[in-house]
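The values are calculated or read from the model by the stated rules, or taken from the named source; none is laboratory data. These numbers were taken from a predicted model, which means no experiment stands behind them. Every residue, glycine as well, gets a Cβ built from its backbone with ideal geometry; the counts of neighbours run over all protein chains shown.
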Amino acid sequence: MSDQGFTIKAASSIEAIGRQAWDRCANPLAAKPQDCPSDRRSGTEDEAAAPDPYAEHFNPFISYDFLHALEASGCVGGRSGWTPLHLFVTHEDGRIAGVMPTYGKSHSQGEYVFDWGWADAYERAGGQYYPKLQVSIPFTPATGRRFLVAPGEDRALVSAALVRGAKAALSSIGGSSIHATFIGHDDWQWLGGQGFLQRTDQQFHWLNEGYGDFEAFLASLASRKRKTIKRERRDALANGITIERLTGTAITKEAWDAFYAFYMDTGSRKWGRPYLNRKFYALIGESLAEHVLLVMARREGRYIAGAINFIGSDTLYGRNWGCVEDHPFLHFEVCYHQAIEFAIERRLRRVEAGAQGEHKLARGYRPVTTYSAHYIADPGFRRAVDDYLAHERAEIAAHHEALDEATPFRKG
């Protein structure tokens, strides 16, 4: 479709858009200008453009390599219920001005913003909830940009074009709704003015207050909490357990195989069928290893537990964990304490430890509000969901305030 000088299209695979064009919009530092001549403007217009405030913030999940690995491994596409429908905006000369990770969905699995109740209510009333459109990163409850705009472009104009394209795509597939999940607060507010309903939820993040080392972080905690964490770390490494932190070329095939076995065991016990396969991790190991941190626990010559993290320019994103031996406090050490220590050493601003888990609060993680926005096509259903969300936001805010009072940091 054409829209105010832009052409808005949908791609059935990220390959159809291409690495250079995608990363120039998603993570400009990852796309060298000489790699994408078709996207460059003539003259010095790009050089004179105002600095892009997003250009310095690399987010691994919106990168071409991460999203391509999901598609190439078959974790999305095919019969997965995630059908790539990536929207992109071009100028008349073919230059891509912006892209948006978009999927047609035939179910609500792997999203971490739960709308099964909405689907059930709508279908009991005689409607058809699926298909729907999901603007998100599959299986990844991490906040990030979804309107990915090339440097030098008007962010508001391109984002508005992407939203209009999403609404047109929704109509073309006969879908009920559009869901933009784990978006930033500014985009959440802006989408509220574009006809989207606003939803909040909660995660637990660790925030770096300029700590010089882990001991400095512990010093910021109340005495009792500080002693508890010290005891946990000591007891976690009893029985001859050692910890390895691996990134880049240090991640061997042995480590990947062991981690994947842990992931499969945990996933099978928690939700029946893990979302990610071994091929996905093999592709990540080839293309994004420098942005991966594996924290692995070893005992008596073999790996017994591990967790995967992804490294952004200012954030460490904790993802999946698993083990084949149960040891007291080992989960806390591998997933939380080691992540904090790594973030302090790398001078990262925060650790996002994934969805759920109030037990993270006692380990120095703070309650943080997360945001999603939802466009409901049916006016009557929209009013019902809007009323529900008003009550839900109030409950989330009250719960957040109560949790904020329970953080382990020294008062005053």
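What are the pairs with Cβ atoms under 9 angstrom where one residue, in segment 341-362, is under 19 Å from Asp404 (Cα atoms) and the other, located anywhere, is surrounded by fewer than 17 Cβ atoms within 10 Å (Cβ to Cβ) and among the small types (Gly, Ala, Ser)? Sequence gap at least six, or different chains.
Glu358/Ala406; Leu361/Ala406; Ala362/Ala406
Please work out which one of (1) out of contact with any strand residue (DSSP E or B) (no Cβ under 8 Å at 6 or more places or on another chain); (2) farther than 26 Å from His185 by Cα; (3) at pLDDT below 95 is the condition Trp321 fails and give its number.
Status for Trp321: all satisfied but (1).
Quick test of your reading of the structure: Tyr317 fulfils all but one of (1) surrounded by 24 or more Cβ atoms within 10 Å (Cβ to Cβ); (2) over 16 Å from the mean Cα position of the chain (by Cα); (3) farther than 14 Å from Thr266 by Cβ. Name the failing condition by number.
The one condition Tyr317 does not meet is (2).
Would you mention how many residues in segment 1-27 are acidic (Asp, Glu) and at pLDDT 95 or above?
2
Of everything in segment 316-338, what is among the aliphatic types (A, V, I, L, M) and under 15 Å from Pro60 (Cβ atoms)? Give them in sequence order.
Leu316
Within segment 284-305, which residues are under 20 Å from the mean Cα position of the chain (by Cα) and of a type in the set (Ser, Thr, Tyr)?
Scanning segment 284-305 gives a single hit, Ser287.
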